[in-house]
1. Please arrange Ile203, Ile172 by counting, for each residue, the other beta carbons lying within 10 Å of its beta carbon, fewest first.
2. Just rank Arg135, Arg246, fewest to most, by other beta-carbon atoms within 10 angstrom.
3. Comparing Gly100, Gly82, Gly154, which has the greatest mean-square fluctuation in the GNM of the chain with Cα pairs linked when under 10 Å apart?
4. So if I take the centroid of the Cα atoms in the stretch 64-102 and the same for the stretch 225-283, what is the distance between those two points in Å?
5. If you take the beta carbon distance between Thr121 and Arg142 as r and set R0 to 45 Å, what does 1/(1 + (r/R0)^6) give as a FRET efficiency, to the nearest 0.05?
6. Could you please report the charge total around Ala224, scoring K, R as +1 and D, E as -1 over all other residues with beta-carbon less than 9 angstrom from its beta-carbon?
7. Find out how many positive minus negative residues lie around Gly176, taking Lys and Arg as positive, Asp and Glu as negative, among other residues whose Cβ is under 12 Å from that of Gly176.
8. Cβ neighbours within 10 Å, averaged per peptide: list 38-46, 178-186, 262-270 in order, most packed at the top.
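Read-outs throughout are calculated quantities, based only on the coordinates presented, and are distinct from any laboratory measurement. Model, not experiment: these values are computed from the prediction. Cβ placement follows ideal geometry from the backbone for every residue including glycine, while neighbour counts extend to all protein chains displayed.
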Amino acid sequence: MRTLSTALLPAALLGCLCLPVQLQAQTPTAIPAAITTDPAPDKAHPAAFDTFQLPSHGALLNAFVYIAAGAGPHPTVILLHGFPGNEKNLDLAQTLRRAGYDVLFFNYRGSWGSPGNFSFTHAIEDVHSAIAYLRDPANATRLRVDSKQIILIGHSMGGFMARYAGAQDPFIKAVGLISAADMAVDKIETIPSAYRNRAVDPIAKAFAEEGLAPLAGCTPKSLAEEAVAHADTWNIPKLAPELASRPVLDLTSDDGLAPSNDAFVAALKKAGSTHVTTQHFATDHSYSGQRIALQASILNWLASL
């Protein structure tokens, strides 16, 4: 996903939308060793790679886990890709494993060869299926997962999924957001219900421009209609009270998504959060020029947990 920012909707539909001032950026204080240095070998419990099919609502999703060296159990990150998911952030996954975290990566139903039909609703359900898979005692033992230390980190649409699933599951330890998208629902929610159908066509056009070739069982219009239908229940700032008691990392870039993330952070603080960390990067939506800095920010945040 490139931006899906205010360009999604006509100006007439956005007249009542007020965007908050960008939060002050923070700078990582150190480059963790895991970015540049392999850990000492553990012959008894070496780093490993496990591929499998993750069951979710009758479908078997393509999935794998980077397993950290050591007996564990290891804190585990579920790394959630965006829309449609061209940037998968697997360099970050490898770094997380070197730092001692297991990392689960999967493709939502109907995306990148996973069977089923893609929709935002299905993707939310798939995230919960991934959480349940890691909490199964047999799977946790096989993968050396600490099922009480599950962290959701999502990029773009994956950030939307991380926020929503994290808000629904109070046992998720922390939520990390990398240019989290709101899938236009925050803008739609400001429009009176009688006029929301007018937003379908411009949103569908934006979805089509993202390129849906890796997705099956959906159209730009079906996804836009889904976003419009769920605008109230998926509203991002409304999720803040459910996440205010847990650590949240909110990273933004120069991709147009910073204002909606700032609104979410403001809502977290209004709800009483004292565990929110923010940082802005002067780069594109894929953090193309800031990959090391991105990883450092995430590792330093995880270390603070």
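1. Numbers: Ile203 25, Ile172 20.
Lowest to highest Cβ neighbour count: Ile172, Ile203.
2. Arg135, Arg246
3. With Cα springs under 10 Å in the chain, the top fluctuation among Gly100, Gly82, Gly154 is at Gly100.
4. 23 Å
5. Given R0 = 45 Å and the Cβ-Cβ separation, E is 0.95.
6. Numbers: positive: Lys205, Lys221; negative: Asp201, Glu225, Glu226.
For residues surrounding Ala224, the net value is -1.
7. Working: positive: Arg163, Lys173, Arg246; negative: Asp250.
Neighbour charge sum, excluding Gly176 itself: +2.
8. Listed from highest to lowest mean packing, they are 178-186, 262-270, 38-46.
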